[in-house]
Amino acid sequence: MREWQDHELVEQYLRAHNIDTVWNEQIKPHISLYDFELGELICSQGESAAMLYVLVRGKVKVYTTSVEGKTLILSFKTFDPALLQFLLEHITMKFYAKSHSLSFNLLYPVEVRMASYLLSVSFDEADTMLEKKLSTADLMDAASLLGTSYRHFNRVLQQFCASGLVERKNGFLLVKDHQGLRELAGQNIYE
């Protein structure tokens, strides 16, 4: 393996494969180009990865080796940078959403989480014609999502009904006071 410390060439590859916007400026100084000889091992199964390799030219052979030393070629890969960008964006968003959800459930009381949830599932500012009701059949799932028991969820829901924020009617929850829920939720909206 040969490492190239040519940052201009790195920038050319990043632009050519439309991945120059994927990494921020703090990461770019850590990006290097590597040139592998034909047949040279890039990584081995079971080894911890020290770096992320992105194939920008050439072909990689993926194979497995049995305990007896026999090799089975699984595939040949040419990496698609558009796929890399898609994966990085979506994996990052999944980590962010999970992290946000977990911290939200730890930091805020059930009343705030429930108000936020009701606002998210029953109101869309882009679609003012959206019906502001939720099936009561979904309440167990909602309690689980909010990280609380169904019994506690119901107690808080009864408080919301008593204060006029929501109404239970014909198997649905109807949001009656959107502004009151928004005040209770503050800036903490499930998205």
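The values are calculated or read from the model by the stated rules, or taken from the named source; none is laboratory data. Computed from a predicted model, the values in this text were never measured in an experiment. Don't worry about glycine lacking a Cβ; one is built from the backbone with ideal geometry, like all the others, and counts go over all protein chains shown. Please note that ligands, DNA and RNA were not included when accessible areas were found on the heavy atoms of the full protein model with its side chains. Shrake-Rupley method; radii C 1.70, N 1.55, O 1.52, S 1.80 Å.
Set side by side, the residues LEU134, LEU84, LEU165 differ, and just one is at pLDDT 85 or above and open to solvent by less than 50 Å² (accessible area, probe 1.4 Å), which is LEU165.
If only residues of the range 168-191 that are of a type in the set (D, E, K, R) and open to solvent by 60 Å² or more (accessible area, probe 1.4 Å) are counted, the one that is nearest to VAL121 (Cα to Cα) is GLU191. Among the residues of the range 148-175, those that are in a loop (DSSP other than H, G, I, E, B) and under 32 Å from the mean Cα position of the chain (by Cα) comprise THR148, SER149, LEU165.
Residues in the range 59-79 that are open to solvent by 80 Å² or more (accessible area, probe 1.4 Å), within 30 Å of ARG15 (Cβ to Cβ) and either modelled with pLDDT under 80 or of a type in the set (Val, Ile, Thr) (or both): LYS77, THR78.
In the range 1-11, the residue that is farthest from LEU38 (Cα to Cα) out of those that are loosely packed, with under 13 Cβ neighbours inside 10 Å and at pLDDT 85 or above is GLU8.
Given the condition at pLDDT 90 or above and either among the β-branched types (Val, Ile, Thr) or closer than 30 Å to VAL22 by Cβ (or both), answer yes or no: does some residue in the range 95-116 qualify? Yes; the residues of the range 95-116 include at least one that is at pLDDT 90 or above and either among the β-branched types (Val, Ile, Thr) or closer than 30 Å to VAL22 by Cβ (or both).
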